[in-house]
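The values are calculated or read from the model by the stated rules, or taken from the named source; none is laboratory data. Keep in mind it's a predicted model, so treat the numbers as computed, not measured. So basically every Cβ, Gly included, is an ideal-geometry build from the backbone, and we count neighbours across all protein chains shown.
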Amino acid sequence: MTQTVPSLAPRIVVGVDGSSSSKRALAWGLFMARTTGSVLEAVTAWQNPTSWTGVADDWDPVAEARAMLTACCAEVLGDDRPSDLRLTVLEGPATAALLSASAGARMLILGSRGHGGFAGLLLGSVSAACAEHAACPTLIIHGDDLPPGPTPASLPKAHEVDHPDDAGCRAAAPAGRPAPKPGEEGAR
């Protein structure tokens with residue numbers, strides 16, 4: 001009988017929900033994993049719906065979550081995908097899943113906004129809760145900046161606004177003034 005022994009290598013854990021913000025976090029996760037000599041672990045969570053109305057009898061939430069996670073990693077990492085990349089799908093609320101997955105990690109990296117959320121928030125509830133309660137350093141990715149080095153050609157597509165609040169999460173200009181939007185009059 002053969003048992004798989006978990007790697008003792010330090011991990012960089014990245015929360016991925018398919019949003020453009022989580023895709024940028026994944027790019028930063030790859031950069032941080034390479035910079036620190038860590039293993040990159042992409043994590044997503046799923047929950048049973050609060051109402052089963054309209055849910056197909058053959059719905060497989062684990063397979064659906066794994067497919068989304070695999071697709072996001074393929075889109076963002078492309079040919080740059082590390083051979084030791086870990087894909088982790090957990091059941092439960094996103095915050096609890098990410099806190100559990102990041103136990104013992106070198107760092108937890110999250111986008112500032114996911115697919116859920118409320119208009120006007122600058123930090124999503126999951127990223128805020130993880131930043132407050134994680135047992136490891138937590139990096140929250142704001143804005144559109146990408147890590148240094150080569151970026152897969154597919155990643156700039158992740159910068160398109162896909163959530164009503166994404167436009168409000170752009171990097172702030174010096175002194176906390178909002179950064180002007182491209183094409184605005186009076187751009188600094």
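Assorted remarks:
- Tally, over the range 34-73, of residues that are within 19 Å of residue 19 (Cα to Cα) and not in a loop (DSSP other than H, G, I, E, B): 20
- Only one of the numbered conditions (1) crowded, with 21+ Cβ neighbours inside 10 Å; (2) farther than 21 Å from residue 142 by Cα is violated by residue 112, and that is (2).
- Candidates in the range 59-68 are the residues that are touching a residue at least 12 places away in the same chain (Cβ under 8 Å) and of a type outside the set (Val, Ile, Thr); of these, the one that is surrounded by the most Cβ atoms within 10 Å (Cβ to Cβ) is 65.
- The range 11-21 - residue that is modelled with pLDDT of 95 or more and not basic (Lys, Arg) and, of those, farthest from the chain's Cα centre (by Cα): 12
- Within the range 13-29, the residues that satisfy the criterion of being of a type outside the set (S, T, N, Q) and either in a helix (DSSP H, G or I) or in contact with a His (Cβ under 6 Å, 6 or more places away or on another chain) (or both) are 17, 23, 24, 25, 26, 27, 28, 29.
- Among the residues of the range 110-153, those identified as modelled with pLDDT of 60 or more and at positive phi are 143, 149.
- Taking the listed residues 101, 71, the one that is at pLDDT 95 or above and exposed (fewer than 13 other Cβ atoms within 10 Å of the Cβ) is 71, with no other qualifying.
- Residue tally, condition surrounded by fewer than 16 Cβ atoms within 10 Å (Cβ to Cβ) and either outside any loop (DSSP other than H, G, I, E, B) or out of contact with any strand residue (DSSP E or B) (no Cβ under 7 Å at 6 or more places or on another chain) (or both), over the range 74-85: 6
- Residues considered: 33, 45, 56. Of these, the only one that is of a type outside the set (Ser, Thr, Tyr) and loosely packed, with under 14 Cβ neighbours inside 10 Å is 56.
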